[in-house]
Amino acid sequence: MLTHPTLDKLESLGFAAMAHAVTEQDRVGGFDAMPFMERLGLVVEAEAVARDHKRFVSRLRAAALRQTAAIEDVNYRASRGLDRKLFQELATLKWIGKGDNCLLVGPTGTGKSWLSCALGHQACRAGMSVIYVRVSRLLEMLALSRAVGRYERQLKALGRVDLLVLDDWGLAPPFAAERRDLMEVIDDRHGRRSTIVTSQLPVDAWHAVIGDPTIADAMLDRLVHNAHRIALSGPSLRRKSPKELDVPTQS
């Protein structure tokens, strides 16, 4: 007789997964002979798993990853020069704990963005905060935040996130104000948080694109000296069919 009121109370207290687990135990049957603490343990575990998943989904939503990508789906057979050993080491996320960076460079269509999103997804799984943003969009956001008096708050938010993914670095030379904004973001994160940068340009060309030699020196010193580098090559994977790739289309 107490079953339904108890389930209602669990629901009202925010233990929906526990209520569902109790209902499932009654539906399936065979749990009556189990010691009370063991049966309770199964119910509590169901609640813990549900809450972990809810937090993961929340982190994934906040990350706003450009593509749905996962480490398990990485295609090492594609001819693009991906160092399997290095990428699998990056997938352990130990480098994030050290505040290291990761640079993914190569021609368009070789999977830079997809691989960065796979690492971002893995970080979300591990309970880390992640933000994905294209560099051009980041600069727009910072300019807008300055105009409405939220610049410092925006910088602090970017400085706190465990993993920042900056996609499409160097597509266009930044203006003076944009260089300073990028420098602020990178300097705030240096040695404390990790950043992934993807670019069609080789790292050696970044200094010229940044423009101001002094800022370029400071910026690249903070980005590059503790970075793991992956240089991709070869034809665009977009030209291959999903059947040939055996994985979701990468970009």
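Just so it is clear, none of the values below were taken in a lab; they were calculated from the coordinates. The structure displayed is predicted, hence computed values, not measured ones.
Relative contact order of the chain: what whole-number percent is it, with Cα pairs under 8 angstrom and at least 6 residues apart?
Result for the chain is 26 percent.
Amide H to amide H, which residues 5 or more places from G211 or on other chains are under 5 Å from it, using H placed in the peptide plane?
Distant-sequence amide H within range of G211: zero hits.
Using a Gaussian network model of the chain with C-alpha springs under 10 Å, which one of A216, A21, A69 is most mobile by mean-square fluctuation?
Result: A21 has the largest fluctuation of those listed.
What residues have an amide H closer than 5 Å to that of R66, excluding those fewer than 5 places away on the same chain, when H is modeled at 1.01 Å from N in the peptide plane?
Residues meeting the criterion, in which the H sits 1.01 Å from N, do not exist here.
Mind jotting down the three principal axis lengths of region 36-108 based on Cα atoms? Whole angstrom, largest first.
Over region 36-108, Cα extents along the principal axes are 58, 27, 26 Å.
Pick from V49, V28, V74: which residue has the top mean-square fluctuation in a GNM of the chain where Cα pairs under 10 Å get a spring?
V28
Whole percent per 10 Å bin, from 0 to the bin with the longest distance: what is P(r) over all C-alpha pairs of the chain?
Spelled out per bin, shortest first, that is 7, 26, 27, 17, 12, 8, 3, 0.
Please give the direction-averaged projected area of the C-alpha convex hull for region 156-222, in square nanometres with one decimal.
So the Cα hull casts an average projection of 4.2 nm².
Which one of D168, D26, D187 has the biggest mean-square fluctuation once the chain is modelled by GNM with Cα springs under 10 Å?
In this elastic network of the chain, the residue with the biggest mean-square fluctuation among D168, D26, D187 is D26.
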